[in-house]
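Have a look at the structure below, then the notes.
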């Protein structure tokens, strides 16, 4: 399985609430679905199969206990530098 590497230029991190926003297609109009508790998948309104972004609540907590790998196995968050955001 090929995993999508998430890079620093695709994210916005809200440190005070531990929320990570990932933008694949920031220009798209989207609708959000909470597919897992605290994880929202943003899909394009025009093409609901295209994932335009993610919002992950309690990001660092989930990353530390490997919960992200189980819930979102197609995405690789390992190289992010959260401290800069």
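The values are calculated or read from the model by the stated rules, or taken from the named source; none is laboratory data. Everything numeric in this text was worked out from a predicted model, so none of it was measured. No Cβ is skipped: glycine too gets one built from the backbone with ideal geometry, and neighbour counts run over all protein chains shown.
List every residue pair whose Cβ atoms lie under 6 Å apart, where the two residues are 6 or more positions apart in sequence or sit on different chains, the first residue falls within the stretch 35-62 and is on the phi > 0 side of the Ramachandran plot and surrounded by fewer than 20 Cβ atoms within 10 Å (Cβ to Cβ), and the second residue, located anywhere, is in a strand (DSSP E or B) and modelled with pLDDT of 95 or more.
From the stretch 35-62, the pairs are 38/57.
Among the residues of the stretch 33-65, what is the count of those that are assigned to a strand (DSSP E or B) and either at pLDDT below 95 or out of contact with any helix residue (DSSP H, G or I) (no Cβ under 9 Å at 6 or more places or on another chain) (or both)?
So the answer is 14.
Residues in the stretch 67-74: is at least one assigned to a strand (DSSP E or B) and at pLDDT 90 or above?
No, there is no match, as no residue in the stretch 67-74 is assigned to a strand (DSSP E or B) and at pLDDT 90 or above.
Could you please find all residues in the stretch 1-32 being in contact with a helix residue (DSSP H, G or I) (Cβ under 9 Å, 6 or more places away or on another chain), farther than 19 Å from residue 49 by Cβ and part of a loop (DSSP other than H, G, I, E, B)?
15, 18
Give the number of residues within the stretch 16-34 that are within 21 Å of residue 81 (Cα to Cα) and surrounded by fewer than 11 Cβ atoms within 10 Å (Cβ to Cβ).
The total comes to 2.
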